[in-house]
Amino acid sequence: MSQFDTIHPRRGTGSHKWDRRPELDPFWIADMDFQSPPAVIEALEKRVRDGIFGYPWAHPGISEAILEYLSNRHGVSANADHLLHLGGLVPALSLAGRAFAEAGDALLTCTPVYPPFLGVHRDAGLELIKVPHALADEKWSFDWDALEASVTPRTKMFILCHPQNPLGRVFPKEDIIKVAEFCDRHDLVLLSDEIHCDLVLDEAATPFYSALKLPPELLKRVVVLQSPSKTYNIAGLGYAFAVIPDDSLRRKFTTAKGHILPEINCLAYFAAEAAYRHGEPWRQELLTYLSGNRDLLTQQLRAGIPGLIIPDIEATYLALLDFRPLGIEHPAALFEKEAGLFLSPGAPFAAPGHARLNYACPRSSLQDAVDRMIAAVSKKA
Ligand SMILES: Cc1ncc(COP(=O)(O)O)c(C=O)c1O
């Protein structure tokens, strides 16, 4: 039995995932029904025992742990001056819009995508240009011609989600270089949200290429947003960081930050540090478990719901399920009504006719949900 098989009751614990619709079993928002690594829990316990929770200061250990992590795991050599600590990644997406564009300018992104990508432009009175991802040799990639056709002189930033939520795709290095060259041609800031980069399920088969590894002439327009929150299940602690190698871009970002963002939680720094320093053996076990869940989900749903399209999931613990071939317009509503399950509807991701399922849960719970989904669809047919 794996540690991840343990069922931790979360209903009634102040959990967004479990308590928003307590009458349904939740497979929606991206947090995992697993405890964080023991080293993270110990670091938090130690910090709590101090019993004093005044304004925090980023202690040297946090930057040191992040720089070591970037270097050891991703082969990225960053400088402590390039790091900015943040209380969350979504506020940073919004902030980037304000920092790098002016009212009336445009942001560009590819769909389907994590919903806040489709909303942050409004915070700064910007336009949003959406270009659908395209299949190339049965793998999700970019529609290069459509990108060229859509970009305008007022477009200031390209927001990349890599690894891609909800497609579960790890783009090859060549694609990331092509995206950066596209940004270079059109003078766009390349904002790369890499929050899922440590959830690549087979790192040998689909290695992750961070935008921070781009050559210097392309790196100067890169802003990378990162966080240990998805991988180590500490989203509720609110910690993320940006790496902005270029001085001028970093200055613009810091200026836009002003006094808008709250202080970072004093516990979060220590959880993040422990995760990066000591979480690797746990992460490896997690990836093995998640791969098993992915296989169960994709094999059983493909067999049990003929016509359903599920991309080959290379990263994340999220599965985008395409019900359009079955003529099911609102699959999340169907599963809510007929199976008592809470999946994310596709529309907010710009993916109507889809539902997104979070499979980061004990395998027995996933098996139960899969059985209920298959039964709900066959009942409808
Ligand atoms: C691509 C992506 N970016 C950002 C976030 C959330 O980041 P934060 O909780 O730090 O705001 C998520 C959460 O699912 C995500 O999938």
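Derivation of every value follows stated rules applied to the coordinates shown; laboratory data play no part. Just so it is clear, the structure is predicted and the values come from calculations on it, not from any experiment. Note that each Cβ is placed from the backbone with ideal geometry, even for glycine, and that neighbours are counted across all protein chains shown.
Give me the percent relative contact order of segment 300-381, please, defined on Cα pairs under 8 angstrom at least 6 residues apart.
29 percent
Report the gain in length on full extension from Glu280 to Glu42: 0.36 nm times residue separation, minus Cα-Cα distance, nm rounded to one decimal.
84.1 nm
Please report, largest first and rounded to whole Å, the three semi-axes of the ellipsoid equivalent to segment 160-280, where each semi-axis is the square root of five times an eigenvalue of the C-alpha gyration tensor.
After diagonalising the Cα gyration tensor, the semi-axes are 24, 21, 11 Å.
Sticking to Cα atoms, compute the Rg of the chain to one decimal and its Dmax as the biggest Cα-Cα distance, whole number, in Å.
Radius of gyration, then largest Cα-Cα span, for the chain: 20.5, 59 Å.
Once you sort the root eigenvalues of the Cα gyration tensor of segment 333-381 as a ≥ b ≥ c, which label holds: rounded (a/c under 1.5), prolate (a/b larger than b/c) or oblate (the other case)?
Judged from the Cα gyration tensor, segment 333-381 comes out oblate (a/c at least 1.5, b/c at or above a/b).
Set the bar at 32 Å for Cα to Cα. Now go through Lys257/Lys337; Lys17/Lys257; Lys139/Lys213 and name every pair that lies beyond it.
Over 32 Å apart, Cα to Cα: Lys257/Lys337.
List the GluC sites (Glu not before Pro) within segment 281-362 that DSSP assigns to loop and that have no more than 15 neighbouring Cβ atoms inside 10 Å.
Values: sites: Glu285, Glu314, Glu329, Glu336, Glu338; in loops: Glu314, Glu329.
Taking segment 281-362 and a limit of 15 other Cβ atoms within 10 Å, the loop GluC sites (Glu not before Pro) found are Glu329.
Using the alpha-carbon centroid of each, what span in Å lies between segment 188-230 and segment 298-322?
Between the Cα centre of segment 188-230 and that of segment 298-322, the gap is 25 Å.
Would you please classify the overall shape of segment 18-83 from the alpha carbon gyration tensor, given that a ≥ b ≥ c denote the square roots of the eigenvalues, rounded means a/c under 1.5, and beyond that prolate means a/b larger than b/c while oblate covers the rest?
Oblate is the answer for segment 18-83, as a/c is 1.5 or above yet b/c matches or exceeds a/b.
Just to confirm my numbers, what's the Cα centroid distance between segment 259-295 and segment 1-38 in Å?
The two parts, judged by their Cα centres, are 16 Å apart.
Please list log₁₀ I(q)/I(0) at q = 0.27 Å⁻¹ for segment 121-180, using the Debye equation with identical point scatterers on the alpha-carbon positions.
-1.33
Computed FRET efficiency, Cβ-Cβ of Ala303 and Glu174, R0 35 Å: what is it to the nearest 0.05?
Efficiency computed from Cβ-Cβ geometry: 0.55.
Stokes-Einstein diffusion coefficient for segment 34-122 at 25 °C in a medium of 0.890 mPa s, Rh from the Kirkwood formula over Cα pairs: what value in µm²/s? Write out the running numbers ahead of the final one.
Working: Rh = 16.7 Å.
For the chosen part, D equals 147 µm²/s.
Which whole-number percentage describes the relative contact order of the chain, with Cα contacts under 8 Å and a sequence gap of 6 or more?
23 percent
Sort 34-43, 188-197 by packing, meaning the average of other beta carbons within 10 Å per residue, with the highest value first.
On the way: 34-43: 18.9, 188-197: 24.5.
Packing proxy ranking, top to bottom: 188-197, 34-43.
Each residue of segment 369-379 in turn: what ³J(HN,Hα) in whole Hz from Karplus with 6.51, -1.76, 1.60 and θ = phi - 60°, glycine and Pro shown as x?
Each residue of segment 369-379 in turn: 5, 4, 4, 5, 5, 4, 5, 5, 6, 5, 5 Hz.
How big is segment 52-278 by the Kirkwood estimate over distinct Cα pairs, in Å?
The answer is 17.8 Å.
Output the peptides 86-95, 132-141, 67-76 sorted from most to least packed, where packing is the average of other Cβ atoms within 10 Å over each peptide's residues.
Taking the mean over residues of other Cβ atoms within 10 Å, the ranking is 86-95, 67-76, 132-141.
Glu217 label point, 7 Å along Cα→Cβ, cut-off 16 Å on backbone N: hits in segment 175-190?
In segment 175-190, the label zone of Glu217 (backbone N under 16 Å from the point 7 Å along Cα→Cβ) covers 177-188.
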